[in-house]
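Everything below concerns the one structure shown next.
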Amino acid sequence: MNIFLTGASGFIGGSVASHLIGAGHKVRGLVRTRERAEAVTRFGIEPVLGSLEDATLLAAETKQADAVINAASADHRAAAETMLDAMAGSGRLFLHTSGSSIVGRRDEGRYSDAIFDEDTPIDPSPARAARVALNRDILAAASREIRAVIIAPSLIYGRGLGVNPDSMQVPWLIEVARRTGAARHIGPGENVWSNVHIDDLVTLYGLVLERAPAGAFYYAENGENSMREVCEAIGRMLGQSGGPEEMSIEEAAGHWGEGPANDTMASNSRVRARRARAELGWAPSARGLIEEIERGCYAGR
């Protein structure tokens, strides 16, 4: 297939592109700078210089592709609508990358027993209401003869396969632990995130490309851990004594910004990828998050 992919130099987009190129597909990837264009070329991606603001470019690339994968932004409505309009009536795949933070609340590091699968209704927080609404409208595009599909990954870990090797949460926590001398979580660190290895996630993208039906929504996860468990593993990996320490939302915002601190690092995001397993035969098999931290790609960093 000839695939147009946005976010080609990002962690998810670059990894998905590398996986699909390895499977024999051709990928044209959207990048914002000539420097990034040169970088993605080394991974076999044909660069397209532009941005999500370039509606004319997005429409032209979409029309000539066999499938489109949006991995640049979960929230850019105008870009998604431009690409969907260009695909109307084609029956081709539009695969949008969302995220499991859509189920999160501002829990300040406290535990929640709420668990979501693809059939569980979501009452989104104000910070995620626009993303949930965009997801709904993308899936509704199936009525316009578009094979519209969404993947919502949980916390992603492991080494990326493209230009950007690092995800967000785990590298953020490691950097703070190194800089402050102790692994740190927000509040009691009891909040739980489902998680998925990047190697398993890119396999799911490939399966969706092959066989997902129009209008399908898939969570991506293969286990879950509390932020305290993650920080304990980071402390062990770094050889720090005394265990992880608590920090306030205000302290966390100083490290990562107010939104990421509240809506990602202090929230719960507990999801189950039932549909991907049952419908696509997805069978994640990469090492778990704690093992990856202690003995995998993060060890010794």
- request: Residue by residue through the range 215-238, note down the ones that are of a type in the set (Phe, Trp, Tyr) and over 30 Å from residue 143 (Cα atoms).
  value: none
query: Would it be correct to say that residue 27 is over 20 Å from residue 217 (Cα atoms) and under 21 Å from the mean Cα position of the chain (by Cα)?
result: yes
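Inspect the range 253-270 for any residue being acidic (Asp, Glu), more than 18 Å from the chain's Cα centre (by Cα) and closer than 23 Å to residue 106 by Cα and give the result as yes or no.
For the range 253-270, residues acidic (Asp, Glu), more than 18 Å from the chain's Cα centre (by Cα) and closer than 23 Å to residue 106 by Cα: present.
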query: Got a sec? Which of 73, 9 is surrounded by fewer than 19 Cβ atoms within 10 Å (Cβ to Cβ), touching a Gly at 6+ places or on another chain (Cβ under 9 Å) and either among the aliphatic types (A, V, I, L, M) or modelled with pLDDT of 95 or more (or both)?
result: 73
message: Between 105, 159, which is touching a Pro at 6+ places or on another chain (Cβ under 7 Å), open to solvent by 30 Å² or more (accessible area, probe 1.4 Å) and assigned to a loop (DSSP other than H, G, I, E, B)?
response: 159
- prompt: residue 285: open to solvent by 30 Å² or more (accessible area, probe 1.4 Å), part of a loop (DSSP other than H, G, I, E, B), among the hydroxyl-bearing types (Ser, Thr, Tyr) and farther than 24 Å from residue 146 by Cβ, yes or no?
  reply: yes
message: Conditions first: (1) out of contact with any His (no Cβ under 9 Å at 6 or more places or on another chain); (2) closer than 29 Å to residue 39 by Cα; (3) among the small types (Gly, Ala, Ser). Residue 158 passes all but one, so which condition is the exception?
response: (1)
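The values are calculated or read from the model by the stated rules, or taken from the named source; none is laboratory data. Quick caveat, the model's predicted, so the values are computed rather than measured. Every residue, glycine among them, receives a Cβ derived from its backbone with ideal geometry; neighbour counts consider all protein chains shown. For accessibility, only protein heavy atoms count, side chains too; no ligands or nucleic acids. Shrake-Rupley method; radii C 1.70, N 1.55, O 1.52, S 1.80 Å.
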